[in-house]
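First the structure, in the form of structure tokens, and then the observations on it.
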Amino acid sequence: MASFKLLLLPGDGIGTEVMDEVTRLIEWANGTGAISIETETDLIGGCAYDEHGEAISEAAMQTAHAADAVMLGAVGGPKWDGVPYDKRPEAGLLRLRKDLQLFANLRPAICYPALAEASSLKRELVEGLDIMIVRELTGGVYFGEPKEITDLGNGQKRAVDTQVYETYEIERIAAVAFDLARKRGNLVHSAEKRNVMKTGVLWNEVVTKVHKDSYSDVKLEHILADNCAMQLVRAPKQFDVIVTDNLFGDVLSDEAAMATGSLGMLPSASLGAADENGMRPAMYEPVHGSAPDIAGQGKANPIATIASFAMCLRYSFDQGELADKIEAAIANVLDQGLRTGDIAQKGCKTVGTREMGDAIIASLNNAS
Ligand code: NAD
Ligand code: IPM
Ligand code: MN
């Protein structure tokens, strides 16, 4: 039986609540006899800062490097608003992404049939929606230097962030997007702002070349990122795969989430390059944050994190069948009319995080 090491980093706020449900799914997966997942748990974010004075400790970083995959809940919250910039909770997450070289962030936005009415968009716009946002995750304005605030001494300050991309970074994320498109709808939209940004000009040029050289069988459309944002709420089903930079990908994926009903529904996989044995560093996390407004109340939707665990089973542990079962169980409980508050609907039963987890596990047990 295949055996894997998984590092759990629940983090802050609702991160710990949604991760509790994942630990129960890990027990379920181990119970199937198809796989053996050994877990370790550590701190990240504000809780790590409180304990170690850093948003992630060196020991946790080493465990992450040694693990086959990492599952993360969420980081951040108002409690840490005043901490030094390089020690803020989000810095731990960014360090993990950068140090593990997780350059490819896959953010699938799927509208489950039962949730077509839960979206803020009209049913006919979102029914059957299945988009994959491929976000570049280790470059761009998140990491470019200089990144600083300078005191100009005249009562004014100057803040600088730098957007940097090199050819190889665009080539490898474009290849990920085209490979995915081949297994899906065979269409890639590449979103940038070549009309105002040099990085947009290079992005467009490199994606065009990768397409011409190796993927001319896939349909490629270039779209300006602002138009892409508008099209995502006008007619989201026109998209199959969207490939874009780190910052546009952050914003466009939160936007796409609303077509699925809630940010609480969107999972993600962050992947690095495969080594000679086909193993790639990987982290799985919901797209949402620590949701300070509902933290500690047992209300959070655990589906984004549970679906992220399904992606972990599929992409890191080669257990596509178990992943399919979890996704079918999610669809099943939604069909049964169970809803957390964020996707609450008339005629449906509103439940908490634990009850939603219970129902998904019950559905898995009933199916087997
Ligand atoms: P957020 O995603 O935490 O919350 C936005 C809104 O969505 C809130 O109203 C929240 O209640 C709701 N929401 C989010 N997830 C939900 C869920 N699972 N179930 C039900 N409702 C849910 O974004 P924010 O409020 O802008 O950020 C809060 C903190 O989280 C900040 O410190 C931010 O930096 C951090 N953050 C972390 C991550 C991460 O760890 N990957 C991602 C985004 C934001
Ligand atoms: C996300 C989050 C992060 C990001 C923050 C918390 C650093 O918003 O994963 O979408 O901006 O990438
Ligand atoms: Mn985000």
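How far is it, in nm, from the label point at L152 to the one at A66 when both lie 7 Å from their Cα along the line to the Cβ?
With each label placed 7 Å out from Cα toward Cβ, I get 5.1 nm.
Aspartates and glutamates within cross-link reach of K157: Cα-Cα under 13 Å, excluding same-chain residues under 8 positions apart?
Answer for K157, where 13 Å is the Cα cut-off: E148, listed by chain and number.
If you build a Gaussian network model of the chain, linking Cα atoms that sit under 10 Å apart, which residue out of A291, A282, A55 swings the most?
With Cα springs under 10 Å in the chain, the top fluctuation among A291, A282, A55 is at A291.
Arrange T138, T39, T353 by Cβ neighbour counts within 10 Å, fewest through most, would you?
T39, T138, T353
For the chain, just say rounded, prolate or oblate: build the C-alpha gyration tensor, square-root its eigenvalues into a ≥ b ≥ c, call rounded for a/c under 1.5, and beyond that prolate if a/b exceeds b/c, oblate if not.
Rounded, because the longest to shortest axis ratio a/c is under 1.5.
Residue farthest toward the positive end of the dipole of the chain, with Cβ of Lys/Arg at +1 and Asp/Glu at -1: which of V22, T39, A114?
A114
For D335 and E166, what is the calculated FRET efficiency with R₀ set at 45 Å and r taken between the beta-carbons, to the nearest 0.05?
So the FRET efficiency works out to roughly 0.45.
Would you mind ranking H288, H222, H65 by Cβ crowding within 10 Å, fewest neighbours first?
Arranged by neighbour count, lowest to highest, H288, H222, H65 become H65, H222, H288.
Stretched out fully, how many nm does the piece from E205 to T23 gain, at 0.36 nm a residue minus the Cα gap?
Fully extending the segment from E205 to T23 adds 61.1 nm.
Kirkwood-based Rg over Rh for segment 119-260 (C-alpha set), two decimals?
1.05
Suppose only helical runs count, i.e. DSSP H with n ≥ 4. What mean residue ellipticity at 222 nm does that imply for the chain under -39500 (n - 2.57) per run, divided by all residues and rounded to the nearest 500 deg cm²/dmol?
Calculated from helices alone, the mean residue ellipticity at 222 nm is -13000 deg cm²/dmol.
For a paramagnetic label modelled at 7 Å from the Cα of A274 toward its Cβ, which residues of segment 315-349 fall within the zone defined by backbone nitrogen distances under 11 Å?
Under 11 Å, as judged by backbone N against the label point of A274, lies no residue of segment 315-349.
Just grab the label-to-label distance for R354 and K237, each label 7 Å out from Cα along the Cβ direction, in nm (one decimal).
Once both label points are built, they end up 4.0 nm from each other.
Quick one: order R123, R107 by neighbouring beta-carbon count within 10 Å, fewest to most.
With the fewest neighbours first, R123, R107 line up as R123, R107.
Return an integer: the convex hull volume of the alpha-carbon atoms of segment 235-344, in Å³ per residue.
Here the figure is 139 Å³ per residue.
Scan around E221 for amide H atoms under 5 Å from its own, H built in the peptide plane at 1.01 Å from N, and keep only partners 5 or more places away or cross-chain.
Answer set, sorted by chain and number: V188, H189, S190.
What's the FRET efficiency of D130 with S216 using the Cβ-Cβ distance as r and R₀ = 30 Å, to the nearest 0.05?
For D130 and S216, the calculated efficiency is 0.80.
Computed from the coordinates by the stated procedures, all read-outs in this text should not be read as laboratory data. Source: prediction; values computed, not measured. Positions of Cβ are generated from backbone atoms using ideal geometry, with glycine treated the same way; all protein chains shown enter the neighbour counts.
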